[in-house]
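Encoded as structure tokens, the structure appears first; notes follow it.
Coordinate-derived values only; no laboratory data. As the structure is a computational prediction, the values presented were derived from the model and not from experiment.
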Amino acid sequence: MTKSELVAQLALRFPQLVLKDADFAVKTMLDAMSDALANGHRIEIRGFGSFGLNRRPSRVGRNPKSGEKVLVPEKFVPHFKPGKELRERVDGRAGEPLKQSNEPDSDEDDDV
């Protein structure tokens, strides 16, 4: 799901929101979450999951062209950990095969 699809879904679920307002709500929420992570805070949404930061220590890497050693500095990367309810909801589909939108359903009989 893309951000524009999320905006459209929000506008469908709440008819009192015009598309412009739904877009503003999604952008505001994502900006607030990005700002919180950038400031080193953790975000927890009960039942959905939590966003935090993982530290990647500095290391010695290699330039693939020259083979020269390069010091790669430490950095922090965002990390998502799904909550129990989300894990259980996703796991409920564990036995079902994933459907590709461009492939025909395997349940249909061919008339050929």
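Results, tabulated for the structure shown:
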| quantity | calculated |
| --- | --- |
| Integer Hz, Karplus 6.51/-1.76/1.60 couplings in order for region 36-46, x for Gly and Pro | 4, 5, 4, 8, x, 8, 9, 10, 10, 10, 3 |
| Under-5 Å amide H pairs with F76, H placed in peptide plane, nonlocal only | R56 |
| Greater than 28 Å apart at Cα, pairs in K27/K84; K3/K75; K20/K75 | K20/K75 |
| Stretch gain in nm, segment K81-A32, where the contour uses 0.36 nm per residue and the Cα spacing is subtracted | 15.8 nm |
